[in-house]
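The values are calculated or read from the model by the stated rules, or taken from the named source; none is laboratory data. If you're wondering where the values come from, they're calculated on a predicted model, not measured in any experiment. Glycine gets a Cβ as well: all are built from the backbone with ideal geometry, and neighbour counts include every protein chain shown.
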Amino acid sequence: MESEDFLKRYQYELESRMVEDHHGNMKKSREKGEEDGKRNLPSVDDTFVTPFELETRSKYQAEVEELFQNGRQVLDDLLDGNFKPVEYELNELNDEKIRQLLTEAEKEKTHKLEELNINHLDSIKDIENSPHYQAAKKKFDKVNQRWEEVTHKHNRQELNIHFKPYWAYILLLFAIGIAEFPLNNQVFLSFRETPLLTLIMSGVLVITLPFLAHAAGKFLKQIKERKVYPFILIILVAAVVSISYFTSILRTSYVAEYGAPEAQLALDRWTFFTIGIILFLVGSVASFFAHDDSIEFSEVYHKFHKEENTFQIVQKEVNDKRATEKDDFDRQRKAIQQEYNQKAEGLKNRLQYLKNRKTEIAGNFNKILACYKGLERKINNYCKEAIYSYRDTNLTYRNNHKQPEAWSELVPDLKGYFGQISEIEAHPKPSKS
């Protein structure tokens, strides 16, 4: 308990109660003094005090003893619970002890950091050695090795194509097919088949021409790598020429049904044939410029970039986990360092803190002791005041107005306790030898 807390909470209450009790005792003293004075008690020759004085003295002595019981508990708490532990630690603590504790704290910090670093490395290894990551890495490394061999062989790393982007080439093939569809559909209607069968027949022809153009352009671009490609290319050209010729005949027949002259039909036949060949050539040229001249390089290129994208996703997941682990590692390492800094700073300031604390506790103890000594003296003075009030009133109401012989001596002091307790010296002066 701090002295200020004690003085604020208890001193006023104790003094108020003492004053109240004292006022009651003073009233009784005057009443009893008047009563005994009218009876001339005690007599002039009596050498002993009256029972009332003894009773009054006992009351005030009881107050002193009660005050001592309460005060001793407060002082003992300060002395045994606060001052002595601080004094003991202060006696044990010195510069050498502080250096020893700092060394132990630094060793503890080093041990924690080493253990944290080992756990961090283990966590990183667990992340990097996960089956999912290792399988993806092994697969990518295999594809990457093949990619390096192929790029070294061909001395390039990009596709040798001129029709970009590839989706524009696909749209062109669709456009060729769509351009063929309406006329072909009308031609096959002349067969008077069901609408579904007519749609299928015209659709097959629409799909066939772009497909053959795609194949012809690709085979022509990669003709050096496959010996069979020239023969297949000849077959494709022959097939396209045949399909275009017979298609032109069908279209001319369709036009003939509407009564076109014979001379016009011959021109239409070659016109339809030429249009088919031109569409085929357009598709073939587009296919030629939309493909690489090496099948091997093209296949490895697409496979490498596909696996690279897949591996980058897995790599990003691993990197995110690794970054999270690194952030957690840095946070824990910082916390260990801060803990050590606080402990080291606390140890360095501990000696001065203990000295200040000892002085503070000693000051609190002495303030409370002084307060109790003052209260004890006040009770003693109240006791004398009550007894003298009794005697003065007694003399006033006596017939002879003579003072009893027992009153010739001064009223003795009450038995005190706090005067035997010495104040605490926070910094005792060294004895002179």
Among residues of segment 111-137, those that are assigned to a loop (DSSP other than H, G, I, E, B) and surrounded by fewer than 15 Cβ atoms within 10 Å (Cβ to Cβ), counted: 1
Residues of segment 27-72 satisfying the condition of being β-branched (Val, Ile, Thr) and either loosely packed, with under 15 Cβ neighbours inside 10 Å or on the phi > 0 side of the Ramachandran plot (or both): 44, 47
Count - residues of segment 369-425 that are small (Gly, Ala, Ser), out of contact with any Asp or Glu (no Cβ under 7 Å at 6 or more places or on another chain) and either within 25 Å of residue 70 (Cβ to Cβ) or part of a loop (DSSP other than H, G, I, E, B) (or both): 5
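If I ask for residues that are under 38 Å from the mean Cα position of the chain (by Cα) and either in the same structural domain as residue 209 (by TED's automatic domain parsing) or buried (at least 16 other Cβ atoms within 10 Å of the Cβ) (or both), which ones from segment 138-174 would you list?
140
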Residue list for segment 362-400, filter: crowded, with 21+ Cβ neighbours inside 10 Å and small (Gly, Ala, Ser): 362, 386
Subset of segment 91-110 (residues that are more than 17 Å from residue 345 (Cβ to Cβ), assigned to a helix (DSSP H, G or I) and of a type outside the set (Val, Ile, Thr)): 91, 92, 96, 107
